[in-house]
Amino acid sequence: MAVDVPGLVSVLLFYICILAIGVWGSRKSRKVEKKCPGNKSEVSMVGGRNINILVGIFTMTATWVGGGYIMGTAEAVYSPSQGLIWALGPPAYVINFLLGGLFFAKPMRSKRYVTMLDPFQRRYGNIFTSTLLIPALVSDILWVACILAALGGTMSVILGLSSTVSIIISAAVSIIYTFLGGLYSVAYTDIIQLCFIFVSMWLCIPFVVLHPAVSVALETPFFNHSVEHSWVGELNLADAGKWFDDMLLLALGGLSYQALYQRILSASSSAQAQITCFASAGTTFIMGVPSVIIGAAAASADWNQTEYGSPPPFERGDAGKILPLTLQYLTPTWVSVLGIGSVAAAVMSSMDSVLLSSASLFTQNIYKTTLRKKASERELQWVIRVSVVVTGLAGSALAFGNESVLAFWLISGDLIYCMIFPQLVCVLHVHWANTYGAVSGYLTSLLLRGLSGEPMFGIAPVLLYPGWREEDGVIKQYFPYRTLAMLSSIISITTVSWLVELAFSRQFIPESWDLFGVFKEKRQTEDEAEPEPCNEMSCPLSTKF
């Protein structure tokens, strides 16, 4: 396939524009740093807690509306084995932001944390917090791979450009402006990117729906199952466990992303952080509607009437590229170029956020507090920049595979849903949670999730839950095994914490066995806070009777 030179030039101009805005954002960041010379790293990570509410809503929405979101949603609606009922992204993200605003934004922002792992560090210490960083970083790297894979597939279809080249160019642009300006560059580029996504995606819809190849299936009654390839889909009882598991993974797993808390903690107040979450619930849902329509149109189209021909994309294994294929064959050339621009914008708007979130976690919770406690602000800034580059390169390397965008999208939230979400709930809302419970919960979720297997990485399951099936020689679980691991972790944290505290407080276990020093530190804190007894010498207002 020949390279579409005009389309390629248009995309490159878009990239140059985004890079220029990112550089401009870095200048804004330096101005703020001059006002806070003793806290430059915090300016890079949370914008000096000075991001206004409108910018906050834009950058929060743009972070979630990535290549995985818009392409994964279209793929789910199009796939004959799934359909609209399996397009879980839009409703799951609404739940995610509503719960975030109600239960997580205020306790995180009111205590002026810098990262999602700060509450763990304060309660459990540096060693356990370091173990939580592992699933967080793995998840971010997989998220980068997901969104870059989405872009690579899109450019290869529409522009005829090698997916490897497109991945390298897009990753380089995102890394450069995130490297230069931190959160300010990310936030300001997100505004332009989100506006471009909204306009270009909605502009494509009329051309797709009105194309002659799109069958009358879109006009059939909503629940008419006589259509051979229904885009509505159906949910069988045997698949309900998997549907429930995937829904909760996206809805609750999203509450464990540092990228979410980076926006919450950059707000000027707790109330603003909550409003940002609530508003983002609506905007993110709206941004998913064009993908649903494109997926439905693709499922209804007679591909024999297009240059794509027969067999249809699903039978060729191209379901993961259904959004760019639809734009390529069901819209005019100039519209498809705008469509690829929207995917590129979505990719960069998410990628820069993920790069910065990983860099922030490592710098704040590992380097600054454990490795180099006396590191200068300039040194911390360079650690952030180097971390951005390393994360970007690691995610880019994984993006060169041919895995489904939808699969990457789900797996990126898998570990943090099973391992970090239960820990976050307990550290914020369970006052008796302690290090012993946290360690037991971590090991419980790690063991259950590991033994459940992962087909994407060729890991066969050891635990076979009810309803498992063997498909094409691969065993797949249809029981909500991720949710089981998550709930088991919460039960383990709360129960073990309570039992251990009871055992030490009643002296069933001697204090010398307190390996983590939890209760020794607790007693020292209570002793320091306890006021001195009032007597004649210390209380001059006392009266002797």
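One line per residue, one yes/no per condition, for (1) touching a Phe, Trp or Tyr at 6+ places or on another chain (Cβ under 9 Å); (2) free of Cβ contacts under 8 Å to residues at least 60 places away in the same chain; (3) among the acidic types (Asp, Glu); (4) crowded, with 24+ Cβ neighbours inside 10 Å:
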{"residue": "ARG385", "(1), (2), (3), (4)": "yes, no, no, no"}
{"residue": "ILE411", "(1), (2), (3), (4)": "yes, no, no, no"}
{"residue": "HIS431", "(1), (2), (3), (4)": "no, yes, no, no"}
{"residue": "ALA438", "(1), (2), (3), (4)": "yes, no, no, yes"}
{"residue": "LEU463", "(1), (2), (3), (4)": "yes, yes, no, no"}
{"residue": "TRP468", "(1), (2), (3), (4)": "yes, yes, no, no"}
{"residue": "TYR478", "(1), (2), (3), (4)": "yes, no, no, no"}
{"residue": "SER489", "(1), (2), (3), (4)": "yes, no, no, yes"}
Would you check if ASP302 is modelled with pLDDT under 90, among the acidic types (Asp, Glu), out of contact with any strand residue (DSSP E or B) (no Cβ under 9 Å at 6 or more places or on another chain) and surrounded by fewer than 24 Cβ atoms within 10 Å (Cβ to Cβ)? no
Would you confirm, using the coordinates I've provided, whether LEU250 is part of a helix (DSSP H, G or I), touching a Leu at 6+ places or on another chain (Cβ under 6 Å) and of a type outside the set (Gly, Ala, Ser)? yes
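I'm checking my understanding of the structure. Among residues of region 473-491 that are of a type in the set (A, V, I, L, M) and either modelled with pLDDT of 95 or more or in the same structural domain as TRP243 (by TED's automatic domain parsing) (or both), which one is farthest from LEU250 (Cα to Cα)?
Residues of region 473-491 of a type in the set (A, V, I, L, M): 474-475, 484-487, 490-491.
Restricting the remaining residues to those that are either modelled with pLDDT of 95 or more or in the same structural domain as TRP243 (by TED's automatic domain parsing) (or both) gives 484-487, 490-491.
On the way: LEU484: 15, ALA485: 15, MET486: 13, LEU487: 15, ILE490: 18, ILE491: 21 Å.
Only one residue tops the list, namely ILE491.
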Residues (crowded, with 24+ Cβ neighbours inside 10 Å and either part of a helix (DSSP H, G or I) or not assigned by TED's automatic domain parsing to the domain that holds ILE275 (or both)) located in region 69-88: TYR69, ILE70, MET71, GLY72, THR73, ALA74, GLU75, ALA76, VAL77, TYR78
How many residues of region 483-519 are in contact with a Leu (Cβ under 8 Å, 6 or more places away or on another chain) and outside any helix (DSSP H, G or I)? The answer is 1
PHE103 fails exactly one of the following numbered conditions: (1) modelled with pLDDT under 95; (2) over 24 Å from ALA394 (Cβ atoms); (3) of a type outside the set (D, E, K, R). What is the number of that condition? (1)
Among the candidates PHE504, PHE457, PHE479, residue that is out of contact with any Cys (no Cβ under 8 Å at 6 or more places or on another chain) and over 21 Å from ASP245 (Cβ atoms): PHE504
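One line per residue, one yes/no per condition, for (1) within 22 Å of TRP143 (Cα to Cα); (2) assigned to a helix (DSSP H, G or I):
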| site | (1), (2) |
| --- | --- |
| VAL3 | no, no |
| SER29 | no, yes |
| MET45 | yes, yes |
| PRO90 | yes, yes |
| GLY100 | yes, yes |
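Look through GLY392, GLY453 and report the one residue that is in contact with a strand residue (DSSP E or B) (Cβ under 7 Å, 6 or more places away or on another chain) and not polar (S, T, N, Q).
Values: GLY392 fails: in contact with a strand residue (DSSP E or B) (Cβ under 7 Å, 6 or more places away or on another chain).
After applying the criteria, what remains is GLY453.
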Quick check on PRO80: is it in contact (Cβ under 8 Å) with a residue 40 or more places away in the chain and under 19 Å from the mean Cα position of the chain (by Cα)? no
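One line per residue, one yes/no per condition, for (1) more than 30 Å from ILE416 (Cα to Cα); (2) buried (at least 19 other Cβ atoms within 10 Å of the Cβ); (3) among the charged types (D, E, K, R):
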residue	(1), (2), (3)
GLY254	no, yes, no
PHE278	no, no, no
ALA298	yes, yes, no
THR326	yes, yes, no
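For LEU448, indicate whether it is touching a residue at least 40 places away in the same chain (Cβ under 8 Å), aliphatic (A, V, I, L, M), within 18 Å of ASP414 (Cβ to Cβ) and in a helix (DSSP H, G or I). Full working, then the answer.
On the way: touching a residue at least 40 places away in the same chain (Cβ under 8 Å): yes; aliphatic (A, V, I, L, M): yes; within 18 Å of ASP414 (Cβ to Cβ): yes; in a helix (DSSP H, G or I): yes.
Yes.
Is it the case that GLU307 is surrounded by fewer than 22 Cβ atoms within 10 Å (Cβ to Cβ) and modelled with pLDDT of 90 or more? Reasoning before the result, please.
On the way: surrounded by fewer than 22 Cβ atoms within 10 Å (Cβ to Cβ): yes; modelled with pLDDT of 90 or more: no.
In short, no.
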For region 344-363, does any single residue satisfy the condition of being within 18 Å of SER79 (Cβ to Cβ) and at pLDDT 85 or above? no
Out of VAL173, VAL199, VAL165, VAL186, sole residue that is buried (at least 24 other Cβ atoms within 10 Å of the Cβ), in the same structural domain as PHE58 (by TED's automatic domain parsing) and of a type in the set (A, V, I, L, M, F, W, C): VAL186
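One line per residue, one yes/no per condition, for (1) at pLDDT 90 or above; (2) surrounded by fewer than 23 Cβ atoms within 10 Å (Cβ to Cβ); (3) more than 21 Å from the chain's Cα centre (by Cα); (4) of a type in the set (Lys, Arg):
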| position | (1), (2), (3), (4) |
| --- | --- |
| LEU194 | no, no, no, no |
| SER215 | no, yes, yes, no |
| PHE222 | no, yes, yes, no |
| LEU235 | no, yes, yes, no |
| ALA238 | no, yes, yes, no |
| SER291 | yes, no, no, no |
Restricting attention to region 130-147, and to residues there that are more than 12 Å from the chain's Cα centre (by Cα) and β-branched (Val, Ile, Thr), which single residue is farthest from SER353 (Cα to Cα)? THR131
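If you check SER360, SER350, SER342, which single one turns out to be over 17 Å from TYR15 (Cα atoms) and in contact with a Ser or Thr (Cβ under 7 Å, 6 or more places away or on another chain)?
Values: SER350 fails: over 17 Å from TYR15 (Cα atoms); SER342 fails: over 17 Å from TYR15 (Cα atoms).
After ruling out the rest, the residue left standing is SER360.
What are the residues in region 492-502 that are loosely packed, with under 15 Cβ neighbours inside 10 Å and either under 21 Å from GLY413 (Cα atoms) or modelled with pLDDT under 95 (or both), if any? Before you say what the answer is, go through the steps one by one.
So in region 492-502, the residues loosely packed, with under 15 Cβ neighbours inside 10 Å come out as 495, 499, 502.
Residue satisfying the conditions is LEU502 alone.
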In region 177-216, the residues that are aliphatic (A, V, I, L, M) and within 24 Å of ASN50 (Cβ to Cβ): LEU180, LEU183, VAL186, ALA187, ILE191, ILE192, LEU194
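Which is among the small types (Gly, Ala, Ser) and either touching a Lys or Arg at 6+ places or on another chain (Cβ under 9 Å) or at pLDDT 90 or above (or both), of ALA281, ALA319, ALA259?
Values: ALA319 fails: either touching a Lys or Arg at 6+ places or on another chain (Cβ under 9 Å) or at pLDDT 90 or above (or both); ALA259 fails: either touching a Lys or Arg at 6+ places or on another chain (Cβ under 9 Å) or at pLDDT 90 or above (or both).
From the options ALA281, ALA319, ALA259, the qualifying one is ALA281.
The values are calculated or read from the model by the stated rules, or taken from the named source; none is laboratory data. Note that the structure is predicted; figures quoted are calculated from it, not measured. Cβ coordinates were reconstructed from backbone atoms using ideal geometry, including for glycine residues, and neighbour counts include every protein chain displayed.
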